[in-house]
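A short worksheet on the structure shown next.
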Amino acid sequence: MLNSNLLRKLDMQDLMVFVAVYEQSSVTGVSETLCVSQSTVSYCLKKLRTGFEDELFINTRTGMRPTYKATTMYSHVLKVLESINLCHSGVQAFDPTRQAVTFNVCAPEYFELLILPRLLKGFDFADLPVSVNVHKLETDIPADELRDGSLDLVICFGPNFHHNHPDLKSQMLLEDDLVCVFDKRATPPLEPRFSLQSFVERRHVYPTPWTSTTNMVDGWLARQAHRRQIVARSNSYSAALKMITGTDFILTLPRRIQALLTNDAVFSHCEAPNGLPGFTLDMQWSAHTDQDSANTWFREQVVKVCAQQGLL
């Protein structure tokens, strides 16, 4: 039975509109994707808002942003649509309690620190025989390994940090930006935000979250006709933090990693120079596994963890 009679007025198209708006953040894009008019999309959103007693999506300059309730609903609505498809096709849904399963993921350290621990705790709490093998992300997306099934999922940075493969499916997980970290005893910047000039005059430690010929910071600096002095490169964020301890070096970290790893008694931080762009964390998978129930289930768990931690 349904919790509210208002829910009885919803249909499959309404749920499809919900998922499409959540993923695309654009009413225009949704109408084109679902081949319906914008007025139909608006009508479906009105029914959804009434049925779930929440605004669900807030219209902003950057698109339709989901509310907290919409974020928590997303994975559940996906399951409803998947279940309907399974009823139609007769394919048995993946049940992680039936047998042990291992998922092979190619991902940067960012994923291992921010998402994977919570993902594994969820599997452990539910007593699920699920294992995750993580392979280091290299310069390009390992598309061939996704296609032949050697890898189930790739977690990567975006936008446009890697070569595009049109046959791969993609979904943005979260957005983040960069912040400058330095030893509390070091000479602090004169203002809450580094100027471009003061930023390049300092010496830097560079953590390498993936193997690449360029990176977010130096690529941007090159476009400004500037470069910075890198005194050391590290394989991890934690090692980079140790390298700046007791020095005047600075470290440019993702804001979420800074909040997770830095000790306020040891480190200070300030804003990066104006114009330094942020980034996204995306997941990519093969079109061949798009309807695979195990792969779909695993992707949902990743999205669920992001939603639970308020990362979406």
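The local environment of T67, defined by Cβ-Cβ distances under 13 Å, has a net charge of 0 under the rule Lys, Arg +1 and Asp, Glu -1.
Placing a pseudo-label 7 Å from each Cα along the Cα-to-Cβ vector at S37 and T72 gives an inter-label distance of 3.6 nm. Relative to the Cα centre, the charge distribution of the chain, modelled as +1 at Lys and Arg Cβ and -1 at Asp and Glu Cβ, gives a dipole magnitude of about 800 debye. Listed by chain and number, the aspartates and glutamates whose alpha-carbon sits under 12 Å from that of K79, ignoring those within fewer than 8 places in the same chain, are E300. Taking other C-beta atoms within 10 Å as the exposure proxy, K242, K169 rank K242, K169 from fewest upward.
Normalised Debye scattering of the stretch 240-312 at q = 0.21 Å⁻¹ gives log10 I(q)/I(0) of -0.99, counting only Cα atoms as equal scatterers and leaving out solvent. When you restrict to C-alpha pairs under 8 Å that are six or more residues apart and normalise by the size of the chain, the relative contact order lands at 21 percent.
Can you divide the C-alpha Rg of the stretch 110-158 by 2.2 N^0.38 Å and report the result to two decimal places? Let's see the in-between values first.
Numbers: Rg = 12.6 Å, N = 49, 2.2 N^0.38 = 9.7 Å.
Here the Cα radius of gyration is 1.31 times the empirical estimate.
Over all other residues within a Cβ to Cβ distance under 13 Å of S238, the charged ones net out to -1, with Lys and Arg as +1 and Asp and Glu as -1. Residues L168, L116, ranked from the fewest to the most other C-beta atoms within 10 Å, line up as L168, L116.
Simple rule: put +1 on each Lys or Arg Cβ and -1 on each Asp or Glu Cβ in the stretch 178-277, find the dipole, and look at L190, Y206, P254; the Cα lying farthest toward the positive end is Y206. The residue list S25, L48, C35 was ranked by how far each Cα lies along the charge dipole of the stretch 5-89 toward its positive end, using unit charges on Cβ atoms, and L48 comes out on top. In vacuum, with every alpha carbon of the stretch 5-89 counted as one equal point scatterer, what does the Debye formula give for log10 I(q)/I(0) at q = 0.13, 0.25, 0.26 Å⁻¹? Two decimals, please. With no solvent term, the Cα-only Debye profile gives -0.38, -1.38, -1.46. Considering only Cα-Cα distances, which of the following residue pairs are longer than 31 Å: K69/K242; K242/K304; K136/K304; K9/K304; K69/K121? Violating the 31 Å Cα-Cα cut-off are K69/K242; K242/K304.
For the chain, give the share of DSSP beta bridges that are antiparallel, in percent and rounded to the nearest 5; count only bridges with both residues there. Mind showing how you got there, number by number?
Working: 27 of 44 bridges.
Given both bridge residues lie in the chain, the antiparallel proportion sits at roughly 60 percent.
Between the labelled values (i) 18.9; (ii) 25.7; (iii) 15.0, the entry that holds mean projected area of the Cα convex hull in nm² as derived from this structure is (i).
Excluding Y43 itself, calculate the net charge of residues whose Cβ lies under 14 Å from the Cβ of Y43, where each Lys or Arg counts +1 and each Asp or Glu counts -1. Provide the component values of the computation, followed by the final result.
Details: positive: K9, K46, K47, R49; negative: D11, D14.
Local net charge: +2.
Computed over the chain with a Gaussian network model linking Cα atoms closer than 10 Å, the most mobile of T280, T33, T252 is T33.
On the basis of the beta-carbon distance and an R0 of 22 Å, Q197 and S238 show a calculated FRET efficiency of 0.15.
Just so you know, all these numbers are worked out from the coordinates, no wet-lab data involved. Everything quoted here is computed from the prediction, not taken from an experiment. Here the Cβ is made from the backbone with ideal geometry for all residues, glycine too, and neighbour counts use every protein chain on show.
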